[in-house]
1. So which residues in region 327-349 are of a type in the set (A, V, I, L, M) and in contact with a Ser or Thr (Cβ under 6 Å, 6 or more places away or on another chain), if there are any at all?
2. Tell me which residues, restricted to region 156-177, are open to solvent by 50 Å² or more (accessible area, probe 1.4 Å), among the hydrophobic types (A, V, I, L, M, F, W, C) and under 26 Å from the mean Cα position of the chain (by Cα).
3. Restricting region 465-478 to residues that are open to solvent by 40 Å² or more (accessible area, probe 1.4 Å) and more than 22 Å from ARG446 (Cα to Cα), which is nearest to the chain's Cα centre (by Cα)?
4. Just one of (1) at pLDDT 80 or above; (2) over 30 Å from ARG407 (Cβ atoms) trips up GLN368, so point out which.
5. Within the group GLY580, GLY574, which residue is in a loop (DSSP other than H, G, I, E, B) and open to solvent by 40 Å² or more (accessible area, probe 1.4 Å)?
6. Pairs please, first residue from region 418-433 and within 13 Å of PRO449 (Cβ to Cβ), second anywhere and open to solvent by 40 Å² or more (accessible area, probe 1.4 Å) and at pLDDT below 90, Cβ atoms under 7 Å, 6+ apart in sequence or on different chains.
7. How many residues are modelled with pLDDT of 75 or more and open to solvent by 80 Å² or more (accessible area, probe 1.4 Å) when one looks only at region 394-408?
8. Just the residues that are at pLDDT 70 or above and either outside any helix (DSSP H, G or I) or open to solvent by 80 Å² or more (accessible area, probe 1.4 Å) (or both), please, taken from region 371-393.
Amino acid sequence: MLGFVPPLPQQPGRPPSSGHMIVCGDDALARRLAVELRFIYGERVTLLLPPGRDANNPETPLTQRGRAAALFGRMSAAMNRAGNGNGTTGGSGDTNAGVEAVRIMEAPEPSDDVLEEAGIDRAAALALVYDDDERNIRAALTARRLNPRLRLVIRLYNRKLGQHLEELLDQAAAVAMPGIDPALLDASTTVLSDADTAAPALAATALTGSSKVIQAEGLLLRAAERPPPGPGESADPGLCTLALLSSTTNDPAGAEGSDSSGDEAPQLLPDERAVAETTGRGTVVLEAISRADPDRPATRMGGRGAPLAQIFSRRLRWSALGFALAAVALVVASLLTTEDTALHSAYLTLLDLLGMNDPAEGAPPARQIIQILSGIAGLLLLPLLIAAVLEAFGTLRTASSLRRPPRGLSGHVVLLGLGKIGTRVLVRLRELDIPVVVVEEDPEARGIPLARSMHVPTVIGDVTQEGVLEAAKIRRAHALLALTSIDTTNLEATLYARSVKPDLRVALRLYDDEFATAVYRTLRTAHPQALTRSRSVSHLAAPSFAVAMMGRQILGAVPVERKVMLFAALEVAGHPQLEGHTVEQAFRAGAWRVLAIDATPPADRNPDLAALPPFDPEGDATPPPSGLVWDLHPGYVLRAQDRVVIAATRRGLAELLRRQRSAVPGR
């Protein structure tokens, strides 16, 4: 366990002290992560940013330091307003906890000299969250060499490369620290993807009755959003109620579940009394637990290869059918007018159609008439065959190209943007068998090859130009997901789509919280009957990165309007709020709740609870039963050797970690 020092304000130019954390990045995630660590977990933070203009908004003169300062200032003001009344703010109580609480550095690259100046040798953890995978990898190798004991959290889009890198860096740590605790070694390097973290939540916002899925030990936990019960009805709590939604859902003047909503904001992890007394609020419940299928292939809208219906046009298929019926009619006529067998009649008719039979001289008149009709029908066969060859050649030539939206498509989701986030959301939607039409301006975008391989209809064009959304069949669409990296583009596309279809479900990606709240209120006021959601990828992903930097295993994050609830795996040992208490006693309303216990013996536990458990492919084809027990008796006493899965708010989890540190001598 790493040492903990009570947080103190850090001046931007002051050298960091031991046990601090370093965040290196070039976009909103780095700033959000620094906010999470400083204002939720109370950690000392050094934030390393590239100099100059904001990489996401080069047209604005505000520098990276300026944007960070503005964000820290807003967060400091919010924390000061919130105070410590509930005991779970996780802050240090500093009155001057604004920008001075975080040491901000600027450097083009996280080189050896820059990392040494940031205090890499004395740091407890380092987060590398640049948007460039290669830069993160280079910096991770450098940091591991400078400080083998450092906990690394790395942002990588490439999943397979991330697994190999994690193994490599863990091996380097094991060599540098012989005899290290396997649990600490497993937490020494964590590779995460903000795209993977945010994609399920973004996909769920576009679907009616959808659920957010958290994977643990090969099981899928589904947190489903349910509307408030009608008069005389009782709400189904599912396995347990995780949250009560905001009471301002139908109020155009209300905020979308933000902290500024006050008592009307969503309530995370309410107790049974709060659930029973609340009326008119929707709920988020733990709906079901099902087995994950590791062998399920990715679905394709067009199937494998090019089907017959896509090779040949409908007109050509009808023509071929008509010709076949004419041939059958000629065979039947030959049977009725001659004494030939069915096989011989069909043979002669086929020869006549192909112009290969001898003239029927001396044959009965019926036979001669049938031969003439067959010859006429045979003349129609030649252009039919030529058309079939040409269509097949053209279809096969373009089989690997992007598909256009079919004419009769309806009830689909229009997805704007195929960058890192949009690509992951596309995969998620196709896993749910949801029809999708993609709109992307750049034909060389990251997700274009995936859309091509999955046969997803794609429109190449600027979404702000007239006719592009119409080409995506926006008038018959079920929902719109605006996930480009430019806020104004997402907003413009949303406004135009709503003007075309006022009841369209919309989820748009926005960075600035104040801007997102203003957009949300305006759209809801103008279209009160339509669902509107604004989402920030960095806001959804930052809690997972922060928990990883604290050395805890995060299973997932579930957004509840504009708040986030975390699912994490914890060892009970060292947590005075859990150890020796029953499940009922350990529950803290609005902070944390024990959902499951890992009954697997400690020596046989899978270190990564989020991964599928290994099984013998030569034996039983199904994975073994999970070691997680979900139907916990309220009177079950949590023991030190137990590992549990908890649902917690960000501040609740921070309090658990802070109490653990203060309760263990020497930590």
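The values are calculated or read from the model by the stated rules, or taken from the named source; none is laboratory data. This one's a predicted model, so the numbers in the text were calculated from it and none came from an experiment. When we count neighbours, we look across all protein chains shown, and the Cβ atoms used for this are built from the backbone with ideal geometry, even at glycine. Side chains are part of the model used for accessible areas, which takes the heavy atoms of the whole protein and leaves out ligands, DNA and RNA. Shrake-Rupley method; radii C 1.70, N 1.55, O 1.52, S 1.80 Å.
1. First, the residues of region 327-349 that are of a type in the set (A, V, I, L, M): 327-333, 335-336, 342-343, 346, 348.
The answer is LEU330, VAL331, LEU335.
2. LEU161
3. The extreme case among them is HIS478.
4. With (1) at pLDDT 80 or above; (2) over 30 Å from ARG407 (Cβ atoms) applied to GLN368, the lone miss is (1).
5. Working: GLY574 fails: open to solvent by 40 Å² or more (accessible area, probe 1.4 Å).
Selected residue: GLY580, the only one of GLY580, GLY574 that is in a loop (DSSP other than H, G, I, E, B) and open to solvent by 40 Å² or more (accessible area, probe 1.4 Å).
6. Between residues of region 418-433 that are within 13 Å of PRO449 (Cβ to Cβ) and residues that are open to solvent by 40 Å² or more (accessible area, probe 1.4 Å) and at pLDDT below 90, the close pairs are LEU418/ARG446; THR423/ARG446; THR423/LEU450; LEU426/LEU450; VAL427/ALA298.
7. Initially, region 394-408 is screened for residues modelled with pLDDT of 75 or more, giving 403-408.
Retained after the next criterion (residues that are open to solvent by 80 Å² or more (accessible area, probe 1.4 Å)): 404, 407.
So the count comes out to 2.
8. If the condition is that a residue be at pLDDT 70 or above and either outside any helix (DSSP H, G or I) or open to solvent by 80 Å² or more (accessible area, probe 1.4 Å) (or both), then ILE372, LEU373, ILE376, LEU385, ILE386 are the ones that fit.
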